Amino acid sequence: MRLLLLGGVAEANALAALLAARPEIEATLSLAGRTSAPAASPLPTRVGGFGGADGLAACLRAERIDLLVDATHPFAQNISRNAAQAAREAGVPLIRLVRPPWRAAPGDRWLDARDMEEAARLLGAAPRRVFLAIGRQQLAAFRAAPQHFYLVRAIEPVEPGLPNCEAILARGPFSADAEEALLQAKRIDVVVAKNSGSPAVAGKLAAARRLKLPVVVVARPAQADGVATPQDALELILAHAETLARRGVST
Ligand code: NAP
């Protein structure tokens, strides 16, 4: 069975490792190419966009892909929309792997935001020291609230375009202790986070809880449901491979 795995998050890498141990599955990992030094993968890897849904559908046909797996980030809505459309166009089944969102724990002081614009508004009128732990793509929304100081953390160099800010480069995982030390050293009084659900970057939530700081939590864009773990995805993939093999025997 030929499989295309759309990746970009740790769970996709974990699934890639599971697939690499299955010789009956010929899998390729696809990355957008956003980070200059992506984690090494045991699967053959292609890098770069497909040219929209039509381009992805053409690739599925040209590569004779039997199964498409969308294991992209829960906030990467374009590629997921394209994956759904391309799978329909090319008549290829689609599996989505998406980790569950974080839920507030006792002691959390979360403010829910629908999107980055609402997150910027929720920071309020009075100047605050804000930890923007949202990557580098959606910083522009905070230009509407220039009264705050922003600590911006990203994996790749970033030009935040915010008047009062400091950018730091770092790649997770981040422990709660390290996050607590950072929040204290930078005298942060509010955190902004995307509800990615990633354990690798949940340390900031625990740190904010300990320091009794509010966290503005930006909700995920609407998306299709999926399986929650790489192991669950593998089971579905193996079931699909078995169905294909049975069909192959009976034709
Ligand atoms: P996006 O807005 O949904 O996608 C933008 C375009 O990037 C897509 O239309 C597609 O280009 C290309 N693309 C995205 N993922 C791809 C993949 N796995 N393989 C090949 N092309 C891909 O995505 P994004 O939010 O910019 O994120 C880009 C990548 O970084 C995703 O793979 C995602 O999993 C990962 N990531 C995103 C975030 C986040 O917060 N958004 C965080 C961590 C990791 P074409 O239309 O030309 O095919």
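Overview of results
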read-out: Every pair of residues 6+ apart whose Cβ atoms lie under 7 Å, when the first sits in segment 195-216 and is within 16 Å of residue 112 (Cα to Cα) while the second is assigned to a helix (DSSP H, G or I) and of a type in the set (Gly, Ala, Ser); value: 215/208; 216/119
read-out: Yes/no for residue 147 being polar (S, T, N, Q) and in contact with a helix residue (DSSP H, G or I) (Cβ under 9 Å, 6 or more places away or on another chain); value: no
read-out: Test for residue 196: is it under 25 Å from residue 8 (Cα atoms) and within 16 Å of the ligand (Cβ to nearest atom); value: yes
read-out: Criterion: of a type in the set (Lys, Arg), within 16 Å of the ligand (Cβ to nearest atom) and either farther than 16 Å from residue 226 by Cα or in contact with a Lys or Arg (Cβ under 6 Å, 6 or more places away or on another chain) (or both) - qualifying residue of 136, 103, 99, 64; value: 136
read-out: Residues being on the phi > 0 side of the Ramachandran plot and surrounded by fewer than 19 Cβ atoms within 10 Å (Cβ to Cβ) - total across segment 179-234; value: 2
read-out: Residue match in segment 39-51 (condition: among the β-branched types (Val, Ile, Thr) and under 20 Å from residue 61 (Cα atoms)); value: yes
read-out: Members of segment 153-192 found to be under 24 Å from the mean Cα position of the chain (by Cα) and of a type in the set (Asp, Glu), listed by number; value: 156, 159, 166, 177, 179, 180
read-out: Filter pass, residue 8 being within 14 Å of the ligand (Cβ to nearest atom) and closer than 25 Å to residue 219 by Cα; value: yes
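Each row is one residue, and each column tells you yes or no for (1) touching a Ser or Thr at 6+ places or on another chain (Cβ under 6 Å); (2) within 16 Å of residue 219 (Cα to Cα); (3) modelled with pLDDT of 95 or more.
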| site | (1), (2), (3) |
| --- | --- |
| 64 | no, no, yes |
| 101 | no, yes, yes |
| 126 | no, no, yes |
| 161 | no, no, no |
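The values are calculated or read from the model by the stated rules, or taken from the named source; none is laboratory data. Because the structure is a prediction, the values reported are computed rather than measured. Every residue, glycine as well, gets a Cβ built from its backbone with ideal geometry; the counts of neighbours run over all protein chains shown.
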